[in-house]
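Peer 1: Quick one: the structure is below, and I'll ask about it shortly.
The values are calculated or read from the model by the stated rules, or taken from the named source; none is laboratory data. Model, not experiment: these values are computed from the prediction. Every residue, glycine as well, gets a Cβ built from its backbone with ideal geometry; the counts of neighbours run over all protein chains shown. SASA here: full protein model, heavy atoms, side chains in, ligands and nucleic acids out. Shrake-Rupley method; radii C 1.70, N 1.55, O 1.52, S 1.80 Å.
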Amino acid sequence: LGLINQVLDLSKIEAGKLEFNPQTVELAPLINEVISTAGQLAEKNKNSLVVDAQENLGVLTVDPMRLRQILLNLLSNACKFTKQGEIKLQARKVANGGNWIELAVADTGIGMTAEQQSNLFEEFSQADRTTAQRFGGTGLGLAIARKLARMMGGDVTVASEPGKGSVFTVRLPVGAPSRPAGG
């Protein structure tokens, strides 16, 4: 069912038909909600789940359901590829040519080579065949997460080293997302 929903989401994104409901949301409660949902995933591989959020994160204009979807996907991956380690969700404001919120999911898991990272955001792509066999998954989650973030005016990036874990960073603009022309 999860696969079917992901394929449907992806085809809606491709067709430009994904329903988007931007709302002004308080970031702190949304993060707490996502963390309480991800708690069980962390426990499965005996991981600890840590939140490192800046005070007064304030509000963000996003589709809250889609932001939850992105964060849960990243947390779920971190939990899957980490055993008896730590998964940390960091949230901070960044002024970099504008006002941004960065939400980073860092893990102490298996990590990836530069080659594995290069096509990570492609549809149906996983780090490699052995990873797919060992850990399962569809290879759609990250492709969808990046597309959703880009629809909200942001992006998802990765930094990783084999054996040292990975950090996936979601950057979103604080202001209201600009509507695409004719959108």
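Peer 1: Which FRET efficiency value, to the nearest 0.05, is calculated for Lys17 and Glu115 with the Förster distance at 30 angstrom and r the Cβ-Cβ distance?
Peer 2: 0.30
Peer 1: Give me the percent of DSSP beta bridges within the chain that run antiparallel, rounded to the nearest 5.
Peer 2: 80 percent
Peer 1: If you don't mind, another one. So what's the stretch 2-77 giving for Cα Rg divided by 2.2 N^0.38 Å, two decimals?
Peer 2: This ratio for the stretch 2-77 stands at 1.26.
Peer 1: Also: Given a 1.4 Å probe, how much area per residue of the stretch 75-129 is accessible, in Å²?
Peer 2: With all protein chains present, the stretch 75-129 gives 52 Å² per residue.
Peer 1: Positive end of the dipole of the chain, charges at C-beta (+1 Lys, Arg; -1 Asp, Glu), about the Cα centre: which of Gly137, Val50, Val170 has its Cα farthest in that direction?
Peer 2: It is Gly137.
Peer 1: What fraction, in whole percent, of alpha-carbon pairs in the chain exceed 26 Å separation?
Peer 2: So the portion of pairs separated by more than 26 Å is 28 percent.
Peer 1: Considering only the other residues whose Cβ falls under 9 Å of the Cβ of Gly139, what net charge follows from Lys and Arg at +1 and Asp and Glu at -1?
Peer 2: That sum, taken over residues with Cβ under 9 Å, equals -2.
Peer 1: Of the listed peptides 9-17, 103-111, what is their order by residue-averaged count of other C-beta atoms within 10 Å, with the highest listed first?
Peer 2: The peptides rank, most packed first, as 103-111, 9-17.
Peer 1: Another one. Ignoring ligands, DNA and RNA, what percent of the 1.4 Å accessible area of the chain is carbon and sulfur?
Peer 2: Here it works out to 50 percent.
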